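A short write-up of the structure that comes next.
The values are calculated or read from the model by the stated rules, or taken from the named source; none is laboratory data. Treat the numbers as computed from the prediction; the structure is a model and nothing was measured. Cβ coordinates were reconstructed from backbone atoms using ideal geometry, including for glycine residues, and neighbour counts include every protein chain displayed. Side chains are part of the model used for accessible areas, which takes the heavy atoms of the whole protein and leaves out ligands, DNA and RNA. Shrake-Rupley method; radii C 1.70, N 1.55, O 1.52, S 1.80 Å.
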Amino acid sequence: MLFRPGHIERRYIEVPHGASWAEVTMKTSAVPTAKTFEMGDFCKFSFSAAKSFSFRVVSSQTLELVISQFWPSGTGSHETASVDFEVVLHGIKVNEEEVILDGSDAPVRIDAETLLVFEELAPVALLNKIRVPYRPINSKIIALSTDRDKLPSGKQILALTLNYKIKLEDGAQIKPHIPLLNDRIYETKFESQFYMISDSNKHVYSIGDAYPSSSNLPKGEYILQLYLRYMFLSEHKPWMRVCILVCFNWSFL
């Protein structure tokens, strides 16, 4: 197909059952100068060339491919180019999306199958992360401001602060995971959540909310403070206020 300045090409593909990733190959010809095309990512072509890249797809859904010439392509922005692309769908279904090994359990079995075509599979296991659960070392619950944090019904919004102590013998990349709270916004009973990781000098290394991120920490001791807002905390039993577990995924540096 010919791409002129401002041309956008859209293609819709029905992803078959069992497909899990797609490989796209773009080929350019009749390109007098270097050009940059955009399709989610930017692909720069120096004259006539071919490039391939892959991405995940969702089985039994519709895939939309949009290709356009990136506008700041220098002098090539005003020239016509011939672009062809090929999409090949692949699929390997695995019964375990996340594999967690527990030393007290039996070996974990992983089943893989393909529903589309024959695929070459070369399994590799890289054990470079550990998951460690922590209990809070202390907790504190207070009533927030009566002016700002009081509902029309008269119920008072409360705040719960939980502190977790972390000690690293070596530098590591850690990511806090709170099973009770993470990846939940509207379907959780808690109003909001916020965490902060700092050292003994109050230097803040990381902050986050329902969608935690990884951070690199050097050797040392740290405190993770978890803050929760909720209007029914006082109605729960005391042990429920202090037993929110935090799991840390460690990747050693």
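Heads up, I need the accessible area for Ser200: 1.4 angstrom probe, whole protein in place, Å², nearest 10.
Its accessible surface works out to 100 Å², give or take rounding.
Using a basic spin-label model with each label point 7 Å from the Cα along Cα→Cβ, how many nm lie between Lys140 and Glu169?
3.2
At 0.36 nm per residue, and after removing the present C-alpha to C-alpha distance, how many nm does the segment from Phe55 to Ala112 gain when stretched out fully?
18.6 nm
When all protein chains stay in place, what accessible area (Å², nearest 10, 1.4 Å probe) is found for His17?
Here the accessible area works out near 130 Å².
Under a crude label model (7 Å from the Cα following the beta-carbon direction), how far is Ser153 from Leu126 in nanometres?
Inter-label distance under the simple model: 5.0 nm.
Amide H to amide H under 5 Å from Ala19: which residues, 5+ apart in sequence or cross-chain, H placed 1.01 Å off N in plane?
Excluding prolines and chain starts, which carry no amide H, the hits are Ser60.
So how do Arg229, Arg109, Arg184 rank on accessible area, 1.4 Å probe, biggest first, that is with the largest at the start?
Ranked list, largest accessible area first: Arg109, Arg184, Arg229.
Checking the cross-link filter: which aspartates and glutamates have an alpha carbon closer than 20 Å to that of Lys155, excluding same-chain neighbours under 8 positions apart?
Counting by Cα, and skipping residues close in sequence, Lys155 has these aspartates and glutamates nearby: Asp147, Glu191, Glu235.
On full extension of the chain, what length is gained from Glu86 through Asp102, given 0.36 nm per residue of separation minus the C-alpha to C-alpha distance? Walk me through the numbers on the way to the answer.
Working: separation 16, 0.36 × 16 = 5.76 nm, distance 4.33 nm.
Taking 0.36 nm per residue and subtracting the Cα distance, the gain is 1.4 nm.
Could you state the number of Å between the C-alpha centres of the stretch 99-133 and the stretch 215-230?
30
So between Leu2 and Asp209, what do we pick up on full extension, going 0.36 nm a residue minus the alpha carbon distance? Intermediate results must be reported in sequence, preceding the final value.
Details: separation 207, 0.36 × 207 = 74.52 nm, distance 4.66 nm.
69.9 nm is the gain from fully extending Leu2 to Asp209.
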